[in-house]
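So the structure is just underneath, and the comments pick up after that.
The values are calculated or read from the model by the stated rules, or taken from the named source; none is laboratory data. Keep in mind it's a predicted model, so treat the numbers as computed, not measured. Note: ideal-geometry Cβ built from the backbone for every residue, glycine included; neighbour counts use all protein chains shown. Only protein heavy atoms, including side chains, enter the accessible area calculation; ligands, DNA and RNA are left aside. Shrake-Rupley method; radii C 1.70, N 1.55, O 1.52, S 1.80 Å.
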Amino acid sequence: MHYFRHCHIPAALLLASFLLVSCNLPAFLVQAPTEVTPMSTATPTPPAVSKMDALIPLPASVEPAVGQFMLTGTAGIFVDPATPELIAIGQYLADKLKPATGYALPVTASAGVPAAGNILLTTAGGDPSQGEEGYTLTVAEGGVKLVAYKPAGLFRGLQTIRQLLPAAIDLPSQQAGPWAIPAGVIRDQPRFTYRGAMLDVARHFFGIKDVETYIDLLAYYKLNVFHIHLTDDQGWRLEIKSWPDLTKKGGSTAINGDPGGYYTQEQYKEIVAYAAARYITVVPEIDMPSHTNAALASYAELNCDGKAPALYTGGDVGFSSLCTSKDVTYKFLNDVIGELAALTPGPYIHIGGDEAKSTQEADYLPFIQKVQDIVQAHGKQMIGWEEISKAKLLPTTIAQGWASDLVTQAAAQGAKVIYSPASKAYLDMQYDPSTPLGLNWAGYVSVSDAYRWDPTTILHGIPESLMLGIEAPLWSETLRTIKDIEYMAFPRLPGLAELAWSPLVGRNWNEYRLRLGAQGARLTALGINYFHTPEVDFK
Ligand code: TNX
């Protein structure tokens, strides 16, 4: 295979371990001998703290090598094959590296191996056993090669490249450098297929720019699902053309009398496309039969007594209910879910189903089953909060645990499970009594609490095969700005992302807290308003 360099290494140089690694490297990864051959026979010392050891989420396998790749102003990003999709991925990486380096970093499609000094992103030779999102990253003095079976794997892997560079790479203005990437080989793939974060845009409304900022941060930590909680008692946030008052009236309010707002369908499509370009699936949620006061206030006919209640800006839950006995309720839901399904390329529609305290169980269970049929008729899989577990579920339906072990009843029916235990994964819980934002009904959730658990050991009786993954919800009763969102999500979200991505074996808070400490400089460079927890020594 012409691609790989033969290994004629003088015996004395066998000590230099980077050359041992280089034996298996494509030629462009190994620089011309005049430039790289160490003339001393002494074993070079690896840097004291390798960035290879400071990645979050921790890769499945890391083999550090001696040496480093220097990114310079003459570097280019090469992609193979020359598809628009791969060019876009290359451009994304260039756009992330340009502000701090000031380099041009042209993206070039090229079948074949670029010259030394460049970055290659390729699906040629990708390993199917690494799955849709796995990748192998090889860094040597002569170049960087990222190979994946699928483009999504390249996208995940380029987040690793970003984190291997000095933290200053994430600053928005040009820095001095130098821009070294430590040498080695990383083989990586996720543990769970569903790695989500949810944002409640109903209690408080967040505009497209804020949502996109959050999606970018999810991408940095290799999450792949953005669940958007679009409707609740306090506001309806997505334009539904067949029921326009949902947003005209129901979108006008927010909690505490704060400003309302909603996304037009065009704006919602923009969010979906923005996420898709980051290989993130949007899971839209229309909460029902409770959490529906905004809809009930907008259309009198949706109420059993035919009277529309006032708009609601308080913080209670469980007081509202759609009228499960009226036909118009199902016409309404068919219209809403139909429009939503048409806007949603991903496979899932979330129907809420939580805290239906004003709906009798005898009405609730058949309601959920009817809605499940509607979702299926529109070609989607239904996700619901754990309360749906008592209904008769299709094998394609997914139950999301949050407060109890009810989802074991869903799993017993063969349904899959997403786990978001409030006492661990709720980003809206206060960190401790001193942190100003958030709630504490599930207790305080420190950064270590959010990290020290595992879905397969908390929930007994659910085999890993039925555990689709985990999600970190962020409810916005107390959050008004993107800075508030950042403060609650960081630094807990990176830990939850690691639980979802990295192998269970070897996970350990004392080791993790050092990596998180090293990430502090990155969070600062990215301009994230993060909670400087005393549990971690931030660099
Ligand atoms: C419970 S979690 C809720 C939400 C609240 C949240 C606050 C869930 C399915 N329902 O309506 O916003 O607690 O933490």
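Tabulated data for the structure shown
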| read-out | value |
| --- | --- |
| Efficiency of FRET from Cβ geometry, Asp245 and Val505, R₀ 51 Å, rounded to 0.05 | 0.45 |
| Fraction of the pair-distance distribution of segment 216-322 above 21 Å, Cα-Cα pairs, percent | 39 percent |
| Crossing angle, helix 151-164 versus the chain [Cα axis fit, 0-90 degrees, rounded to tens] | 60 degrees |
| Top positive-direction residue, dipole computed over the chain with Cβ charges, set Met429, Trp236, Leu154 | Leu154 |
| Taking the C-alpha atoms of the chain, convex hull volume expressed per residue in Å³ | 146 Å³ |
| Cα-based shape type of segment 472-537, given that a ≥ b ≥ c are square roots of the gyration tensor eigenvalues and the cut on a/c is 1.5 | oblate |
| Counted charge near Pro114, where neighbours are those whose Cβ lies closer than 12 Å (Asp, Glu -1; Lys, Arg +1) | 0 |
| In degrees, nearest ten, helix 208-220 long axis to first principal axis of the chain (Cα) | 50 degrees |
| Cα-centre dipole for the chain with unit charges at Cβ (Lys and Arg positive, Asp and Glu negative), debye to 20 | 1080 debye |
| Percent RCO, i.e. relative contact order, over segment 61-188, from Cα pairs under 8 Å lying at least 6 residues apart | 34 percent |
| Alpha-carbon Rg with Dmax, taken over segment 194-505, Å | 18.0, 57 |
| Degrees separating the helix 327-343 axis from the principal Cα axis of the chain, which is the longest one | 20 degrees |
| Dipole of segment 194-505, positive end: most advanced residue of Gly461, Gly257, Leu302 [Cβ charges, Cα centre] | Gly461 |
| Segment 61-188 - charge dipole about Cα centre, Lys and Arg +1 at Cβ, Asp and Glu -1, debye rounded to 20 | 200 debye |
| Where the chain is the region considered: accessible area per residue in Å², 1.4 Å probe | 37 Å² |
| Candidate lysines - alpha carbon under 23 Å from Lys269, same-chain residues fewer than 8 apart omitted | Lys209, Lys222, Lys241, Lys248, Lys249, Lys380 |
| Cα-based reach from Lys98 at 19 Å (exclusive), listing aspartates and glutamates while leaving out same-chain residues under 8 positions away | Asp170, Asp216 |
| Size descriptor, Kirkwood hydrodynamic radius, that averages inverse alpha-carbon separations across segment 61-188, Å | 14.3 Å |
| Potential lengthening between Lys390 and Met70 on full extension [0.36 nm per residue; Cα-Cα distance subtracted] | 109.5 nm |
| Segment 281-359 - charge dipole about Cα centre, Lys and Arg +1 at Cβ, Asp and Glu -1, debye rounded to 20 | 120 debye |
| Förster-model FRET efficiency, 56 Å R0, Phe538 and Ala310, C-beta, rounded to 0.05 | 0.75 |
| Pairwise label distance in nanometres, Ala124 with Gln376, each label 7 Å out on the Cα-Cβ vector | 4.6 nm |
| Surrounding net charge for Leu58, when Lys and Arg each add one and Asp and Glu each subtract one, Cβ distance under 10 Å | -2 |
| Cβ-defined net charge surrounding Leu479, 11 Å radius [Lys, Arg +1; Asp, Glu -1] | -4 |
| Estimated inter-spin distance, Glu464 and Arg162, nm [label 7 Å along Cα→Cβ] | 2.8 nm |
| Contour excess over end-to-end distance, with Cα ends at Ala115 and Lys326 and 0.36 nm allotted per residue | 69.1 nm |
